[in-house]
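Here is the structure we will look at.
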Amino acid sequence: MIRPVLYVDLPGIIYAIDHRARGSQHDFANFVCWLESVESALPSPPLLRHFLPISPVIRTWICEDHWRLLGFAQVRERPSHNAWDLAYLASMTNRDGANLAGDDILAALLEYAVEMAATHGILRIFAKVEDDVPELDMFQRSGFQRYARELTYVYDPTQQKSRSTDVSAEPVLPSLRRWNRHHAWGLYQLYRAVTPQRVSTAELYENSEEYAKLHAGSLQPWPSFFAGGNENYVCDVGVRVGAWMRLCRGHGSTPHRISLLVHPEHAELAEPLIQFGIKRLLDADVRRIYCLVREYDSFVNTALRNSGFEQVLSKVLLVRHVALLATRQSTVPLLEPRAVYGLKGLGTVNSRQKIMR
């Protein structure tokens, strides 16, 4: 049986347990989709998140058999309110007495998420799946299509002491500016210049504000106390935004993160920007730095490697376009005097609609 649960960070808790168990050569769960530690932060300011721990943009479903947890899925709604990100999809490996295989559990949860998307007015579901895993076929059977690959790079400051790369000096970036909400349109044009058409067609952002809210955070100029240590910068080259960078300072066990977009005509900005980001983050706290970048951003990938980052993971980006469930009856002209159409609804509900001449 699949049912929703109130928001507690159940997937995150199980992922942490599984991560610890894998250190002892044991598997606690089979995670097909999961959030990186740098992706798990919600876009709301930390103070609001503390007072409002229940988020309406997160939905979690569990698959169980006689109160035994078999698997779970979690989606997170994007700021546009018409798209979901499949944050977690996993089946438990310890299923004593269960009659379902792990693949069947995952497939059932995935199909259930697609059905729920149709009933909530969601147009697209996005997912990230590790390269070359057998579950990719399951996503393709469910109508998901791959449109890009995302590479995860990590900078470990403890292993960079022997490198000749010098990040102690401040990089010279005369065009560097602090983020302002009027840069939203320029950031969106930068995205369109960098992104291949197949990718922009799959992601289908409605406008510049939707893209800016998803990637740069709130468009409001929050004070630094509310921003949670996050900073946005742009390189304003006059006629366009030549580059954009977001710095997210880590806390607790969470590492730092750099997000980066560079215009193809200003590729020389990539490496100085990365050096600036490394220095600013390490001045605040010495810990690892993550950067997630698309494979087609070739010169950004090169700049990351030149700056001491190492690739540790590769994921396939998938999208599922969802057809909305139409429930409103309408009258249409027919050649026959009367016609009856049987419409099979989602789940176990069958509906019948009569259309008269």
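Only the coordinates and a few stated rules stand behind these numbers; no lab work does. Just so it is clear, the structure is predicted and the values come from calculations on it, not from any experiment. Don't worry about glycine lacking a Cβ; one is built from the backbone with ideal geometry, like all the others, and counts go over all protein chains shown.
Report, in whole Å, the centroid distance computed from the Cα atoms of segment 170-199 and segment 227-297.
Between the Cα centre of segment 170-199 and that of segment 227-297, the gap is 11 Å.
Residue-wise, which Karplus ³J(HN,Hα) couplings in Hz belong to segment 145-153, taking 6.51 cos²θ - 1.76 cosθ + 1.60, θ = phi - 60°, and x for glycine or proline?
10, 7, 9, 6, 10, 10, 9, 9, 10
Sorting check: for 284-291, 69-76, which peptide has the highest mean count of neighbouring beta carbons within 10 Å, and how do the rest follow?
So the order, starting with the most tightly packed, is 69-76, 284-291.
What does the net charge come to around L269 if you take all other residues with beta carbon closer than 14 Å to its beta carbon, with K and R at +1 and D and E at -1?
-3
Taking amide H positions as placed 1.01 Å from N in the peptide plane, with prolines and chain starts having none, which residues 5 or more places from Y296, or on another chain, fall under 5 Å of its amide H?
Amide H to amide H, under 5 Å and 5 or more residues apart or across chains, Y296 pairs with R149.
If you stretched the chain out fully between L173 and Q140, how much longer would it get, using 0.36 nm times the residue separation minus the C-alpha to C-alpha distance?
My answer for the length gained is 7.4 nm.
Between T201 and K279, what is the label-to-label distance in nm when each label sits 7 Å out along the Cα-to-Cβ direction?
With each label point 7 Å from Cα toward Cβ, the separation is 4.3 nm.
List the residues whose amide H sits under 5 Å from the amide H of L69, counting only those 5 or more places along or on another chain, with H placed 1.01 Å from N in the peptide plane.
Residues meeting the amide H criterion: none.
So who's got an amide H within less than 5 Å of the one on Y88, skipping anything under 5 residues away but keeping other chains? H placed 1.01 Å off N, in plane.
Sorted by chain and number, the residues that satisfy this are Q74.
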